[in-house]
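Only one structure is covered here, and it is reproduced in the block below.
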Amino acid sequence: MIVSVIFYLFAAVLIGAAVGMITSRNPVHAALFLVLAFFNSAAIWLLLEAEFLAIVLVLVYVGAVMVLFLFVVMMLDVNLAAMREGFTRYAPLGAVIAAIVVIEIFHVVWLKRQGLPFFDTPVPHPPGYSNTEALGAILYTDYVYPFELAAVILLVAIVAAISLTMRRREGLKQQNISRQVQVRREDRVRLVKMDAERDE
Amino acid sequence: MRSFFDAIWQFLPPTPQSVMSTFSVISVVVVVLILSVAYLTLAERKVIGYMQNRIGPNRVGFRGLLQPIADVLKLLIKEIIIPRRANRFLFVIAPLLSIIPAFATWAVIPVSDSFVLADIDAGLLYVLALTSMGVYGVILAGWATNSKYAFLGAMRSAAQIVAYEIAMGFALVGVLMAGGSLNLGKIVEAQAGGLLSWFWLPLLPLFLVYFISGVAETNRAPFDVAEGESEIVAGFHVEYSGTAFAVFFLAEYANMILISALATTFFLGGWLSPFEGVPALGETFLAAPGFIWFALKVSFFLFCFLWFRATFPRYRYDQIMRLGWKVFIPITILWIGVEGVMAALEIGPWSS
């Protein structure tokens, strides 16, 4: 009873946040709505006893990805009028894509269900159950090659992203910090000994 | 009177009973935290004062002991000014976003062998997730203020926190490899056996990286470029006043206490006694584990925070980034490799 009340509460906020994310005109507000949506989906995962996924969702998406996202969105000076200029031109294409997606969802939800069994509410696990351990045990045994493959693909993506932004610019001044640290007093200060002079 | 309350208590069904008792325990923890924050501000001014050959506040109350109370009252009765072009909602909610994670993380920190609010399995992950949330308060404050100085402070802070969070996370990977669990209580228990078996020694590089990253994460000196009063006035909270400013202040100090408590739990054996297993002491209170050891270790780290502030000049921004990305992350990755090899070969204190 209490669990379903909590579920509907989080689900309602999740849907509200998702709608807000699409409809809000300010990109920073949209990003914040997305953060709220991530939070609520994490809470729903917690209700499913998938605590590892829930916490990692918050850690990775809320704690890192969305921070960088906000960072970029805040720096860009988004011109809303320019963004809405092409709306009427692209509206038919958008409508077609939306219709295709709606038909697909309809297909999945309604047509496929004819043959598929309904899923019951998952049975609660015993108290000693650790979702993190269970996931780790499966990932590093049964699915170790797909897991490592995914890691390598991500690494390639990281390297590619960095190499895209690395370029040598002319006239760029750089500091060599180890040389800066090694500087001693003798390198910079020269004591000059000279005789006292007297005005004749 | 007493029996009257007992009767009411017995009359309640079990769910409200447990909710009420949990709430009362939580409020005790929060009140203790807020009081610690208040007296940490006094300690900071006193410690830095003596380090600079001054006395520090000594007018309000006996030797200045009521100074934090006076400061809080002053901040509470001041006006909260909201800039005209600011985003009102985000401007007001930003301080709350920075204080909520600082308090919520305490739910999983074991302060003694018998007391922890929520003894959950994924405690370390929960800590990482919540500490990464604190940056939102800073960025939103900077953006919602609609001021260039505040925005610069927010950008600096966001880049810095993202950089140091990675080093921090990698340092904690080493801790969970050595502790063999994500549960903070079990990590502490894995360090049992006296001063030399705590994780600070086998994981020394990770310990240093963790604590320095912790200082950077809390935007404290020498990493306090987000405030940078000499260049960008006060950074992200330049337009905040009164209670809203006080909440930011509270969050900063609560985060300091939090980082100290986490460093204690992960590297200095939490509630364990340093003299555990010393034969001469036997079964005396010195060898017994308890809350007092936890409090002493946390106080040591807090003193370090104040000490750094009085000692080091502020880092230059590009050097902060270099330290985080090019020095700390390679160190942590290297040490995780060393640890993995040692554990696989079952050598020394690394294999448990």
For peptide B:132-139, compute the average count of partner chain beta-carbon atoms within 10 Å of each residue's beta-carbon.
4
Ignoring ligands and nucleic acids, A:Asp187 exposes an accessible area, probe 1.4 Å, in Å² to the nearest 10, of 100 Å²
Just counting partner chain Cβ atoms within 10 Å, what average do the residues of peptide B:154-164 show around their Cβ?
2
Separation between Cα centres of segment B:142-156 and segment B:189-229, rounded to whole Å
28 Å
Report the charge-dipole magnitude of segment B:1-113 in Debye, nearest 20, computed about the Cα centre from +1 at each Lys and Arg Cβ and -1 at each Asp and Glu Cβ.
700 debye
State, to one decimal in nm, how far the label point of B:Asn58 lies from the label point of A:Arg185, with both points 7 Å from Cα in the Cβ direction.
3.6 nm
At what distance in angstrom do the alpha carbon centres of segment B:57-110 and segment B:1-51 lie from each other?
18 Å
With +1 on each Lys and Arg Cβ and -1 on each Asp and Glu Cβ, and nothing else charged, work out how big the dipole of the protein assembly as shown is about its Cα centre, in Debye to the nearest 20.
1780 debye
Let me confirm one metric for peptide B:118-125, namely the mean number of other chain beta-carbon atoms within 10 Å of its residues' beta-carbons.
4
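By accessible area of protein heavy atoms, probe 1.4 Å, what ranking do A:His29, A:His125 get, highest first?
Details: A:His29 60, A:His125 85 Å².
I get A:His125, A:His29, largest accessible area first.
Efficiency by 1/(1 + (r/R0)^6): what FRET value for A:Phe7 and B:Phe300, r their Cβ-Cβ distance, R0 = 45 Å, to the nearest 0.05?
On the way: r = 45 Å, r/R0 = 0.99.
Efficiency, rounded to the nearest 0.05: 0.50.
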Proximal lysines relative to B:Lys46, as straight alpha-carbon distance under 23 Å, when same-chain residues fewer than 8 apart are discounted:
B:Lys74, B:Lys297
Per the charge dipole of the protein assembly as shown (beta-carbon charges, Lys/Arg positive, Asp/Glu negative, Cα centre), the residue among A:Tyr61, B:Val72, B:Tyr253 reaching farthest to the positive end is B:Val72
How much accessible surface does B:Glu276 have with a 1.4 Å probe, in Å² rounded to 10?
60 Å²
Tell me: how much accessible area in total is hidden between B and A, 1.4 Å probe, Å², nearest 100?
2200 Å²
Using unit Cβ charges (K, R positive; D, E negative) and no other charged atoms, how large, in debye to the nearest 20, is the dipole of chain A about its Cα centre?
620 debye
Accessible area of B:Leu302, 1.4 Å probe, to the nearest 10 Å²?
20 Å²
Once the dipole of the protein assembly as shown is set up with Lys and Arg at +1 and Asp and Glu at -1 on Cβ about the Cα centre, which of B:Phe170, A:Ile138, B:Val111 lies farthest towards its positive end?
B:Phe170
Highest-fluctuation residue, B:Val135, B:Val127, B:Val60 considered, GNM on chain B with Cα pairs under 10 Å
B:Val60
Percent carbon-and-sulfur accessible area, the protein assembly as shown, ignoring ligands, DNA and RNA, probe 1.4 Å:
69 percent
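The values are calculated or read from the model by the stated rules, or taken from the named source; none is laboratory data. Keep in mind the model is a prediction, meaning the values are calculated, not measured. Cβ: placed from backbone, ideal geometry, glycine included. Neighbour counts: every protein chain shown. Only protein heavy atoms, including side chains, enter the accessible area calculation; ligands, DNA and RNA are left aside. Shrake-Rupley method; radii C 1.70, N 1.55, O 1.52, S 1.80 Å.
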